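> Following this message is one structure expressed as structure tokens.
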Amino acid sequence: MNEQHPHTFHALARTAQQIRESRGTNAKIRVCMEYLRSIKEDEHLNLAVQFLGEGAFSDISGKRASVGSRTTSTLAADFCEIDYELVFKPCRTATGSSSETIEKLFTNIPAARQKWEPVGLSLKEIETVYEQLYNTSSRAGKQEVLEEYWRKMRPLEVKYFIRIMGRGSLRIGFETKSIINAISKAFGKDTEAVRYAHMITGSIGKTAVLAKNNTLDEASFKLFHPLPFMLASPIESRAVDQYSKYIAEEKFDGMRCQVHIEGDRVELYSRDLNDITHSFPEIIEFFAEKDLPKLVLDGEICVFKDNTILPFQLLQKRLGIKKPSRKILDQYPVLLITYDLLYHDGEPIFDKTLLERRKLLSGLSRKYTFPITTQKEIKNREHIQELFDLALAHGNEGLMLKSKTSAYEYGQRRKSWLKVKKAGGSLDTIIMYAHAASGKRGGKYSDFTLGISVRDDERYEEEFIPIGKAYGGYTELERLNKKIKELTVERYGPTLGLIPGIVVELEFDDIQRNKRTKANYTLRLPRFKAIRWDLSPDDIDTLKEVERMFRDNINRDRLDQTQAPSFIWK
């Protein structure tokens with residue numbers, strides 16, 4: 001097939017790259033809109049939008065390609081006939097991206113250039129490749145499939161093939177909200193109608209086809225297809241004029257979860273729409289025995305023991321375990337606390353107000369006896385502080401303020417839900433690497449890898465090791481970039497290695513265990529608090545300080561639920 005034909009994967013890859021290189025949301029939407037208009041067949045439109053917005057498989061399919069970064073990276077090194085440890089890994093450090101590294105190596109290394117012979121694979125053929133990978137269990141088998149088709153692609157196609165397969169963001173600055181806008185503009189439909197169709201079908205590809213064929217009103221919801229979650233904005237970013245329009249709930253230190261129930265069939269979905277049913281058998285058993293009507297609940301899974309909500313770090317010990325042992329179940333028992341109702345009496349109820357949904361939820365909770373959040377009227381700004389302090393005493397993250405009249409607005413951050421939190425802590429860190437920005441900040445360094453000290457730690461030979469990455473979007477960017485140039489000692493493409501000299505106070509929400517990192521810990525939502533020009537590398541915090549903070553958070557006293565409980569269980 002002609003590579004320029006809109007049904008080819010090459011056309012999709014070029015479109016994705018063009019979106020990435022376009023400045024401004026409207027320009028990105030325009031590129032996508034024109035591409036969608038050019039696709040004539042429904043099945044290709046479905047796949048194109050799915051690949052751009054969801055990944056190799058639709059969110060509602062329950063499928064994953066399950067190909068890890070090491071599988072693609074070691075294969076790429078073999079494909080290029082280079083050493084993985086000595087060549088590929090340093091190149092990946094330089095770019096900060098495996099897929100970007102593979103594209104550049106495939107483009108520039110003669111041994112790789114001789115192997116690829118692009119044939120203009122269609123979107124349907126790419127779908128078949130992803131199916132093959134899904135049905136192949138061994139790493140060697142997956143690499144055999146990958147090599148066969150990489151030979152038929154251009155390096156740009158390989159890059160986006162890998163990113164789509166990872167089911168994460170394509171990292172082109174174009175998320176679901178923008179895709180919905182592009183669909184509505186491409187086919188002349190109301191944006192809200194497109195958004196609603198996406199919500200109830202759970203499929204962005206199917207939504208595009210419905211819009212193209214003028215059949216958005218045929219969109220229907222099915223149980224056991226996860227719905228996108230409603231999101232909250234930080235209260236700092238949204239002005240609140242009348243607190244009486246909101247109710248307050250405690251923001252739990254757990255994991256967001258959606259529960260679909262029909263008779264004794266119960267399934268759980270995480271915020272990223274993954275099926276996590278098998279990880280929490282006690283929750284399944286709890287709801288399966290209730291003889292509930294058909295429902296979809298939105299809530300939080302928390303470790304709950306001795307009438308106390310325990311920290312998220314303990315919940316992590318349950319994640320990814322498909323069949324938890326009796327020991328694990330006893331050590332880290334969990335509870336699902338519900339705070340919203342999305343489907344009831346045979347139909348979605350997203351458009352009902354929060355108060356209407358809450359009334360239905362409260363009635364179900366009383367009748368069938370399952371826990372729901374405690375909601376409290378807000379008297380004034382000072383009252384919010386009182387409720388916030390109580391939430392922290394319970395071991396929770398803070399508060400959620402929810403508009404009483406709000407519908408369930410999936411995938412958007414508006415004023416309807418506001419989160420009131422405070423940082424979990426801060427560390428003085430050192431900038432180890434500076435990564436070049438793209439788009440409007442092109443030519444500047446605004447993304448950074450930050451490290452902590454292990455100078456006096458017998459476990460390490462280095463002086464500093466990474467603890468997190470953060471974006472420095474602030475007024476001191478010019479001064480910082482000037483200092484970066486003075487301290488640069490190595491260059492890896494768009495990444496600079498620096499002499500330790502810039503200290504940053506890094507704020508974060510939490511510390512989590514992560515054995516895949518050199519520190520064995522990562523920071524949750526790290527962000528710049530201040531550049532400490534007054535400090536030197538001798539002043540930065542150590543790994544032992546990180547370990548102490550992690551232990552202290554787990555071991556700190558938490559107010560049990562007998563005192564002003566944060567949820568109701570009648």
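Rule-based calculations on the coordinates, nothing more; no lab input. Not measured: the values here are computed from a predicted model. Every residue, glycine among them, receives a Cβ derived from its backbone with ideal geometry; neighbour counts consider all protein chains shown.
> If you build the Cα gyration tensor of the stretch 284-421 and take the root of 5 times each eigenvalue, what three semi-axes come out, in whole angstrom, biggest first?
26, 22, 14
> Let me ask you something else. Between Lys177 and Thr405, what is the FRET efficiency for a Förster distance of 25 Å, r being their Cβ-Cβ separation, to the nearest 0.05?
Working from the Cβ atoms, E equals 0.65.
> Applying 1/(1 + (r/R0)^6) with R0 = 25 Å to the Cβ-Cβ distance of Ala193 and Arg524, what FRET efficiency is obtained, to the nearest 0.05?
Given R0 = 25 Å and the Cβ-Cβ separation, E is 0.10.
> Something else now. Assign unit charges at the C-beta atoms only (+1 for Lys and Arg, -1 for Asp and Glu), then state the dipole size of the stretch 425-554 relative to its Cα centre in Debye, rounded to the nearest 20.
The dipole of the stretch 425-554 has a size of about 740 debye.
> With the crude spin-label approximation of a point 7 Å out along Cα→Cβ, what separation in nm comes out for Asn514 versus Ser137?
Here the answer is 3.1 nm between the modelled labels.
> Neighbour counts of other C-beta atoms within 10 Å: give me Val119, Val158 arranged from fewest to most.
Val119, Val158
> Ok, one more. Where does the stretch 212-335 land on Rg(C-alpha)/(2.2 N^0.38 Å)?
Cα Rg divided by the expected 2.2 N^0.38 Å: 1.27.
> Taking H as built 1.01 Å from N, whose amide H comes closer than 5 Å to the amide H of Val67, not counting residues under 5 places away?
none
> Something else about it: Enumerate by residue number the GluC sites (Glu not before Pro) in the stretch 475-570 meeting two conditions: DSSP loop (anything except H, G, I, E, B), and at most 13 other Cβ atoms within 10 Å of the site's Cβ.
Counting only loop positions with at most 13 other Cβ atoms within 10 Å, the GluC sites (Glu not before Pro) in the stretch 475-570 are Glu476.
> With r as the distance between the Cβ atoms of Ser61 and Lys317 and R0 = 25 Å, compute the FRET efficiency 1/(1 + (r/R0)^6) and round to 0.05.
Efficiency for this residue pair is about 0.30.
> Among Leu336, Leu310, Phe287, whose Cα lies farthest out toward the positive end of the dipole of the stretch 257-378, if unit charges sit on the beta carbon of Lys, Arg (+1) and Asp, Glu (-1)?
It is Leu310.
> While we're looking at this one, here's another question. I'd like the Karplus ³J(HN,Hα) series for the stretch 263-276: coefficients 6.51, -1.76, 1.60, θ = phi - 60°, whole numbers in Hz, and an x wherever there's a Gly or Pro.
With the stated coefficients, the stretch 263-276 comes to x, 8, 8, 9, 10, 10, 10, 7, 4, 8, 6, 7, 6, 10 Hz.
> Still on this model: Using +1 on the beta carbon of Lys and Arg, -1 on that of Asp and Glu, and nothing else charged, what's the dipole of the stretch 233-422 about the Cα centre, debye to 20?
So the dipole magnitude of the stretch 233-422 works out to roughly 380 debye.
> Given 0.36 nm per residue, what is the gain on full extension from Leu223 to Asp272 after removing their alpha carbon distance, in nm?
My answer for the length gained is 15.9 nm.
> Alpha carbons only, please: Rg and Dmax for the stretch 373-423, in angstrom.
Using the Cα atoms of the stretch 373-423, the pair Rg, Dmax is 11.8, 30 Å.
> A further question follows. In what order do Ser325, Ser426 fall by count of nearby beta-carbon atoms within 10 Å, going from fewest to most?
Ser325, Ser426
> If neighbour count is taken as other Cβ atoms inside 10 Å, put Phe252, Phe304, Phe370, Phe221 in order from fewest to most.
Phe221, Phe304, Phe370, Phe252
> Further question on the same structure: What spacing in nm lies between the two simple spin-label points modelled at Tyr492 and Tyr243, each 7 Å away from Cα in the Cβ direction?
4.9
> Based on alpha-carbon centroids, what's the gap between the stretch 297-321 and the stretch 335-354 in Å, whole number please?
What the calculation gives is 22 Å, centre to centre.
> Compute the semi-axes of the equivalent ellipsoid of the stretch 425-554, taking the square root of 5 times each eigenvalue of the Cα gyration tensor, and list them largest first in whole Å.
Semi-axes (√(5λ), whole Å): 24, 16, 14.
> Ok, one more. Work out the length of the dipole vector of the chain about its Cα centre, built from +1 on the beta-carbon of each Lys and Arg and -1 on the beta-carbon of each Asp and Glu, and round it to the nearest 20 debye.
The calculated dipole for the chain is roughly 900 debye.
> What fraction of the Cα pairs in the chain, stated in percent, has a spacing above 44 angstrom?
Every Cα pair in the chain considered, those over 44 Å come to 22 percent.
> Please report the base-10 log of the normalised intensity I(q)/I(0) for the stretch 9-165, using a Debye sum with one equal scatterer per alpha carbon and no solvent, at each q in 0.16 (1/Å).
With no solvent term, the Cα-only Debye profile gives -0.94.
> Any lysines with Cα under 26 Å of the Lys152 Cα? List them, leaving off those in the same chain fewer than 8 positions away.
Lys40, Lys63, Lys89, Lys104, Lys115, Lys124, Lys142
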